[in-house]
Amino acid sequence: MSTILIVEDDPFLSKMYVEKLEAAGFNIEAAMDGEQALNTLNDKSVDLVLLDIVLPKKDGFEILRDIKANPKLNNAKVVMLSNLGQEEDIKKGADLGADGYLVKSHFTPSEVLAKIKTILNKNKI
């Protein structure tokens, strides 16, 4: 099963997504800030990163830039999951190489799960 890194500084949201994705059969790693996320990515093999943007120490755009610039990491899919829903934020995510951009208030956890499965080509229902 695929491994997903959840990078979210809100403990409630992090726990909710960890539980939702574990229940769907994914292996989960979690990070609360940008530095921790990059350390985890360098230490473990991750198939997809569910990445908030507003984070302590290093924001999600910086993390995405680092992932895409590193040949060891750039095979990981990245889905931005943020409250930042302005067109310029979505465009910036796409320009930096994000595989998806979801605005938290527009998607239920189940819809986020469905999007992750689509991106990982795991549409087994």
**Request:** Would you be able to say whether some residue in segment 67-89 is among the β-branched types (Val, Ile, Thr) and surrounded by fewer than 18 Cβ atoms within 10 Å (Cβ to Cβ)?
**Result:** no
**Request:** Please state which of the following conditions ALA69 fails to meet, knowing it meets all the rest: (1) within 20 Å of PRO11 (Cα to Cα); (2) over 15 Å from the mean Cα position of the chain (by Cα); (3) aliphatic (A, V, I, L, M).
**Result:** (1)
**Message:** Condition first: under 20 Å from ASP9 (Cα atoms) and assigned to a loop (DSSP other than H, G, I, E, B). Now tell me which residues in segment 75-105 satisfy that.
**Reply:** ASN83, LEU84, GLY85, ALA98
**Prompt:** Where residues in segment 40-87 are closer than 14 Å to ALA98 by Cβ and polar (S, T, N, Q), which of them is modelled with the highest pLDDT?
**Reply:** SER82
**Message:** Show the residue pairs meeting these rules: Cβ distance below 6 Å; 6+ apart or different chains; first residue within segment 2-31 and in contact (Cβ under 8 Å) with a residue 24 or more places away in the chain and of a type in the set (D, E, K, R); second residue surrounded by 15 or more Cβ atoms within 10 Å (Cβ to Cβ) and part of a loop (DSSP other than H, G, I, E, B).
**Reply:** GLU8/ASP52; ASP9/MET32; ASP9/LEU55
**Item:** Criterion violated by GLY97 - all others in (1) of a type outside the set (Phe, Trp, Tyr); (2) surrounded by fewer than 18 Cβ atoms within 10 Å (Cβ to Cβ); (3) under 14 Å from LEU5 (Cβ atoms) satisfied
**Value:** (3)
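The values are calculated or read from the model by the stated rules, or taken from the named source; none is laboratory data. These figures come from a predicted structure and were not determined experimentally. For neighbour counting, all protein chains shown are included, and Cβ atoms are generated from backbone atoms with ideal geometry for every residue, glycine included.
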